[in-house]
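For reference, the structure discussed in these notes is given below.
None of the figures in this text is laboratory data; all of them are computed from the coordinates on show. The model shown is predicted, which means the values in this text are computed figures rather than measured ones. Note: ideal-geometry Cβ built from the backbone for every residue, glycine included; neighbour counts use all protein chains shown.
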Amino acid sequence: MNQQGDPPAGFGLGASLLDVPDRRDGMAYVMPDNAKLAVRVALATGRPLLLRGEPGSGKSSLAAHVALERNWRYYEYIVTSRTAAQDLLWGFDSIRRLADAQLGRKLDDYRYVEPGVLWWTFARESAYQRGRLAGGSIQPADEPNADINAARSADNAIVLIDEIDKADPDLPNGLLVPLGSNEFRVRETGTTIRIQPPRQPTTAQTESRTLIVVTTNEERELPQAFLRRCVVIWLEHPNRDQLVAIARRHFEVHEGGMNADDELLATRLAALIVDLRQQAERAAVRQPSTAEFLDALRACRHLGIAVGGAEWAQIETMLLVKRQQPK
């Protein structure tokens, strides 16, 4: 699982699509029009962008795409049921501190501080120094996605807080002040972390220098206080033409493009996906996602399976419908 120290899956640019089926580098993402506007609104207001929608609607890929497009630094945190708000701000290794105390070593609380993704987003230089402002030497903290971020803007950053609905309401409630003020206080050292000024100040700043993207799969209702502080959009499943455009983009980026046969296969499969989604909606069951559409397209393309052919029914069950075994 990608957390603070690991680069997002898919950032290995030498790997093929088949090696890394769930790439999160944003290279092949096709941005919906409402999402383009929502990003601009979030940057104009300085508010977090909350992406709502069903699993597989493209929410988790948007942040990496915007970061790539703008050449901004990129961080991400995938929320679990055990995530607390502080995990996104900072961590403190109290066990290592206790061990050092028992060994009689000189204690420096800054040594045990680990910056979280929001700290890196707000104040990168402070995060490197674990919050120490001046005096003394300290082992610099390891920046998440350091190889990617080294060549990107020092003044601008995007962070993805993925699947926030996995956690209980204490998590979004605990982020209200840090996300509203772009600052927080590290309890163990008393250091206040706030968004750092730009290295190259401009006379007129027309948008925020940070973008916080939050996703939810609607598994749990989010607190109203959190919703009030966000720019909110719902990402719908793509229609037939949009699915074909997404397939075309993925194959252009990762597999050298599509020929006429690939285009025809993608069009037929996209029409079938739309039909399956309508059936699923009527039956109140899960709809096939865009990622599953791409999986089916790749399988049919590489295995020579025709939509509606002898093996198609099994492909449909394996990759799209995924029905439970009858009891």
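Worth pointing out:
- Phi angles of the range 236-246 translate, via the Karplus equation with coefficients 6.51, -1.76, 1.60 and θ = phi - 60°, into HN-Hα couplings of 7, 5, x, 7, 4, 5, 5, 4, 5, 5, 5 Hz per residue; Gly and Pro are given as x.
- Under the convention that each Lys and Arg Cβ holds +1 and each Asp and Glu Cβ holds -1, the size of the dipole of the range 261-322 around its Cα centre is about 220 debye.
- Phi angles of the range 86-103 translate, via the Karplus equation with coefficients 6.51, -1.76, 1.60 and θ = phi - 60°, into HN-Hα couplings of 4, 4, 7, 9, 6, x, 9, 8, 5, 5, 5, 5, 5, 4, 5, 5, 5, 7 Hz per residue; Gly and Pro are given as x.
- Ranked list, fewest to most other Cβ atoms within 10 Å of each Cβ, for TYR74, TYR112, TYR128: TYR128, TYR112, TYR74
- Calculated FRET efficiency, ARG249 to ARG282, Cβ-Cβ distance, R0 = 25 Å: about 0.25 to the nearest 0.05.
- Placing unit charges on each Cβ (+1 for Lys and Arg, -1 for Asp and Glu) gives the range 206-321 a dipole about its Cα centre, and among GLN224, ALA266, ALA245 the Cα reaching farthest toward its positive end belongs to GLN224.
- Across all Cα atoms of the range 240-321, the radius of gyration (one decimal) and Dmax (whole number) stand at 12.2, 38 Å.
- Calculated FRET efficiency for the pair ASP261/ALA134, C-beta based, R₀ 56 Å, to 0.05: 0.30
- When you filter the trypsin sites (Lys or Arg not before Pro) in the range 65-173 for DSSP loop state and at most 14 other Cβ atoms inside 10 Å of their Cβ, you are left with ARG82, ARG105, LYS106.
- Pair LEU98, ALA306: separation of 7 Å Cα→Cβ label points (nm): 6.8
- Placing +1 on the Cβ of every Lys and Arg and -1 on the Cβ of every Asp and Glu, with nothing else charged, gives the range 185-284 a dipole about its Cα centre of roughly 820 debye.
- Around the amide H of THR191, modelled in the peptide plane, lie the amide H atoms of VAL186, all under 5 Å away and 5 or more residues distant in sequence or on another chain.
- C-alpha long axis of helix 260-283 to longest principal axis of the chain, angle in °: 80
- On Cα atoms only, tilt of 59-70 relative to the major axis of the chain in degrees: 70
- The lysine pair count for the chain, using Cα distances under 24 Å and pairs eight or more places apart or on different chains, is 4.
- Against the main long axis of the alpha-carbon atoms of the chain, helix 33-45 sits at an angle near 10°.
- Placed amide H near GLU114: partners under 5 Å, 5+ positions off or other chain: GLY91, PHE92, ASP93
- Overall form of the range 168-327 per C-alpha gyration tensor (a/c, 1.5; a/b vs b/c): prolate
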